[in-house]
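The values are calculated or read from the model by the stated rules, or taken from the named source; none is laboratory data. Computed from a prediction, not measured in an experiment: that's the story for all the values here. Neighbour counts run over all protein chains shown; Cβ positions are idealised from the backbone, glycine included. Ligands, DNA and RNA are stripped out before the accessible areas are found, and what is left, the full protein with its side chains, is counted by its heavy atoms. Shrake-Rupley method; radii C 1.70, N 1.55, O 1.52, S 1.80 Å.
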Amino acid sequence: MKSLGVRKIINNRIDQCFTELNALGRTAFLPYITAGDPDFETSKRILLGLPAAGADLIEIGMPFSDPMADGSIIQASSVRALKSGQTMNKTIDLVRRFRKSDSKTPIILMGYYNPVYVYGVNRFVSDIKKAGVDGIIIVDLPHDADCELYAPAMNEGLSLIRLVTPTTDHARLQNIIQHTTGFIYYVSITGVTGSELTNIEEVAANVKRIRSASALPIGIGFGIKTHVQVAEISRYADAVIAGSVLINKIAGTLDENGKSTNKTVCSVLNLVSKLSLPLKLKV
Amino acid sequence: MAQFKALADQPELDKYRSGPDNYGYFGNFGGRYVAETLMPLVLELERAYDSVRCDRCFQNELRELLNHYGGRPSPLYLAERFTEHLGGAKIYFKRDELNHTGSHKINNCLGQILLALRMGKTRIIAETGAGQHGVAVATVCAKYGIPCEIYMGATDIERQSPNVARMKLLGAQLNPVTSGAGTLKDAMNDALRDWVTNVKNTYYMIGTAAGPHPYPQMVRDFQSVIGNEVREQMLACEGRLPDSLVACIGGGSNAIGLFHSFLNDKQINIYGVEAGGHGIEVENGHAASMTCGQPGILHGNRTYLLQDDDGQILEGHSLSAGLDYPGVGPEHAWLKDKGRVQYVAITDKEALDALRICTQLEGIIPALEPSHAIAYVMKLAPTLPKQHLLVMNLCGRGDKDLFTVTRAIGMNI
């Protein structure tokens, strides 16, 4: 990995957010939604409502036709978004509109490499930075496959959040930390998004392993579905990430044609309030 | 001085056969684009494969299996009536459809099952399109008593029912895939999702020369037995190397298997035949990823893909389930850019005509996949002189396609 000549800027919204919450002794709540699911307007309304509902940071999925690390719930959300005409330009536009009313909440774009590669890596980092994005997670671009995105992202001052998983060994962990900014995303299970989270002890042991190697904040995600799990996981995490459970809520409110109803926005936001509550009560 | 020159010539001599590099790249193509969960597994596989590549014991065991279980070497057959009918180049068929299980897929599966056993894996998963790879996987798993689960698109299950029955009889668990168009691409997505979930005991047996490194290299190596045999057989029967090679391409395993041995023999013309479906001018109506696609990243490697302007992968179409894939192995993508192999497309209809003509002139019912190669031979051979030696890989037999073919040509049975 070539990191010479790379300027690491570390004072973006993500770092500020973790610094502030850390001072309060609080774990962050980080909800995931797919851009354009079920349609652009509805996802914009959900996004705009997230901070007030309890989101400390927000992860926005860039829809992809072949989301190989995702379970059926998030796959379906990608399909709905693409069907309703979501594109990379619209996803960036979504962030731009969010930033008109919120200049504080960090936004992280998550997705797969192909749409980014086709959009053009340099154009991508420049456009999303201008729109107000703070960090990116590219699932199928682990640090040792990333010889194209790392340097441009660092130079734009974007955080490059990497995944650490139960299969990551010590040597890989050391390298991943070297090529991560913002926070480390610990994947709590071996499996796709939305699977069952069963082994909390393993999570605790692995997070301990990461902490002894790095001072970066740690977000924990995959399989977190209840406020009880949120509370439990928050004992180990700087941020608790929830995705499939929210997307499933969206899916449950749609009409028979897959269109949003008047319940869609409020039920997702209510769920965000409920899930994030244990983290606020801890203060 | 002469010594320096020889050294300088060295890379040129092995210009087309030295890939991939240590990171799994053929030029810009290939690589390892998988989620972090899978990276340690892919690296473990790479180490395991490196250790058996030059292991004589492993290679001898594989050779024995290929010969006595797989039925190798497959004949190189002079298609006399077909040659006469076309009135040009002298046409040889490499008869890989005569292998056990009915296609070239067994070459790769025998190699990979031996590797999986050495790695101590106790569960095999695989994707399949036409079902030929699935049948080969189910076969080797039955032989070694290892449980296997095969992901197959729901659309493909319907159009390849004889292979579905074979896999089930062999004891495989078949998992229908309904996402996307329910074809090979979607089956591969779900197999990857299985692998990411079952990281400890599971070996993913990819059937084509695609996927993350080391799969493109490993599958190519296991399939290279095809070209190596052709080289020997051609020298034995004609006293010289062939002038042209033709093979069909979905992911491209049979093609790279035939081509690889000959890549540095620059006088040999090499043609890869993609699925033109309804015609390459029909939007999303074909599976010709190299003729019409753009570079992108899917299933762990960078290669030519059928995709829209926003980087979303298209479904594509081919009557042939085995070619119905929007990507292609990265080595082919590189050979295209290098100009070493010419990639062409053949439509569903041309392939069906070729299937009928081959069957009626030679008494061989080819699968729909090599029927694409046959159709291109029918265009190419008449333009070539009679002493021109052309080898086409007849990589699969047509039993599995009888229902699709009879329906498509409106035959009452």
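Among the residues making up region B:44-101, a single one is under 19 Å from the mean Cα position of the chain (by Cα) and more than 19 Å from B:Val230 (Cα to Cα): B:Thr101. For B:Lys168, indicate whether it is closer than 22 Å to B:His104 by Cβ and part of a helix (DSSP H, G or I). Spelling it out, it is not the case that B:Lys168 is closer than 22 Å to B:His104 by Cβ and part of a helix (DSSP H, G or I). For B:Ile146, the criteria (1) under 15 Å from B:Ile206 (Cβ atoms); (2) away from chain A (no Cβ under 14 Å) hold in every case but one, which is (1). Just wondering, is there one or more residues in region A:193-203 that are under 16 Å from the mean Cα position of the chain (by Cα) and under 19 Å from A:Asp70 (Cβ atoms)? Yes: one or more hits.
Cβ-Cβ contacts under 8 Å between residues 6 or more apart (or on different chains), taken from a first residue in region B:400-413 that is touching a residue at least 24 places away in the same chain (Cβ under 8 Å) to a second residue that is of a type in the set (Asp, Glu) and in a helix (DSSP H, G or I), are listed as B:Ala408/B:Asp348.
Elements of the type helices (runs of 4 or more DSSP H) sitting completely within region B:307-381 and holding at least 2 residues that are among the hydrophobic types (A, V, I, L, M, F, W, C), over 19 Å from the mean Cα position of the chain (by Cα) and surrounded by 22 or more Cβ atoms within 10 Å (Cβ to Cβ): these cover B:348-362. Taking region A:239-268 as the search range and keeping residues that are small (Gly, Ala, Ser) and modelled with pLDDT of 95 or more, which one is most open to solvent (accessible area, probe 1.4 Å)? Here the residue is A:Gly252.
On the given criteria, is A:Arg172 of a type in the set (Lys, Arg) and over 22 Å from A:Cys17 (Cα atoms)?
On the way: of a type in the set (Lys, Arg): yes; over 22 Å from A:Cys17 (Cα atoms): yes.
Here the answer is yes, as A:Arg172 does meet what is asked.
Among the residues of region A:193-230, those that are open to solvent by 40 Å² or more (accessible area, probe 1.4 Å) and not in a loop (DSSP other than H, G, I, E, B) comprise A:Glu201, A:Glu202, A:Ala205, A:Lys208, A:Arg209, A:Arg211, A:Ser212, A:His227, A:Val228. Scan region B:13-55 residue by residue and report those that are among the basic types (Lys, Arg) and open to solvent by 60 Å² or more (accessible area, probe 1.4 Å). Passing the criteria: B:Lys15, B:Arg17, B:Arg47, B:Arg53. Of all residues in region A:92-110, those that are free of Cβ contacts under 8 Å to residues at least 60 places away in the same chain and closer than 22 Å to A:Val139 by Cα have Cβ atoms under 7 Å from Cβ atoms of residues that are surrounded by fewer than 20 Cβ atoms within 10 Å (Cβ to Cβ) and among the basic types (Lys, Arg), 6 or more apart or on another chain, in A:Leu94/A:Lys44. Which ones in region A:173-192 are of a type outside the set (Gly, Ala, Ser) and either closer than 17 Å to B:Lys200 by Cβ or part of a loop (DSSP other than H, G, I, E, B) (or both)? A:His179, A:Thr180, A:Thr181, A:Phe183, A:Val187, A:Ile189, A:Thr190, A:Val192, listed by residue number.
Considered as a group, the residues in region B:167-185 that are surrounded by fewer than 24 Cβ atoms within 10 Å (Cβ to Cβ) and modelled with pLDDT under 95 include one that is nearest to A:Gly223 (Cα to Cα), and that residue is B:Ser179. For region A:131-172, filtering for residues that are in a strand (DSSP E or B) and either modelled with pLDDT under 95 or more than 11 Å from chain B (Cβ to nearest Cβ) (or both) leaves 4. The residue that is nearest to the other protein chains (Cβ to nearest Cβ), among those in region A:83-111 that are assigned to a helix (DSSP H, G or I) and open to solvent by less than 50 Å² (accessible area, probe 1.4 Å), is A:Met88.
Apart from one condition, B:Leu305 fits all of (1) closer than 20 Å to B:Ala187 by Cβ; (2) in contact (Cβ under 8 Å) with a residue 24 or more places away in the chain; the exception is (2). Taking the numbered list (1) in contact with a Pro (Cβ under 8 Å, 6 or more places away or on another chain); (2) farther than 24 Å from A:Ser273 by Cα; (3) not hydrophobic (A, V, I, L, M, F, W, C) in turn, A:Glu59 passes all entries but (2).
The number of residues in region B:382-413 being outside the structural domain of B:Pro366 (by TED's automatic domain parsing) and surrounded by 24 or more Cβ atoms within 10 Å (Cβ to Cβ) comes to 0. In summary, helices (runs of 4 or more DSSP H) completely within region B:30-99 and bearing 2 or more residues that are touching a Pro at 6+ places or on another chain (Cβ under 9 Å), closer than 27 Å to A:Ala171 by Cα and of a type in the set (Asp, Glu) occur at B:39-53.
Is at least one residue of region A:117-128 open to solvent by 10 Å² or more (accessible area, probe 1.4 Å), among the basic types (Lys, Arg) and within 19 Å of the chain's Cα centre (by Cα)?
At the first step, the residues of region A:117-128 found to be open to solvent by 10 Å² or more (accessible area, probe 1.4 Å) are A:117-123, A:126-127.
Among the residues that remain, those that are also among the basic types (Lys, Arg) are: A:123.
Within this subset, residues satisfying the condition of being within 19 Å of the chain's Cα centre (by Cα) are none.
There is no residue in region A:117-128 that is open to solvent by 10 Å² or more (accessible area, probe 1.4 Å), among the basic types (Lys, Arg) and within 19 Å of the chain's Cα centre (by Cα).
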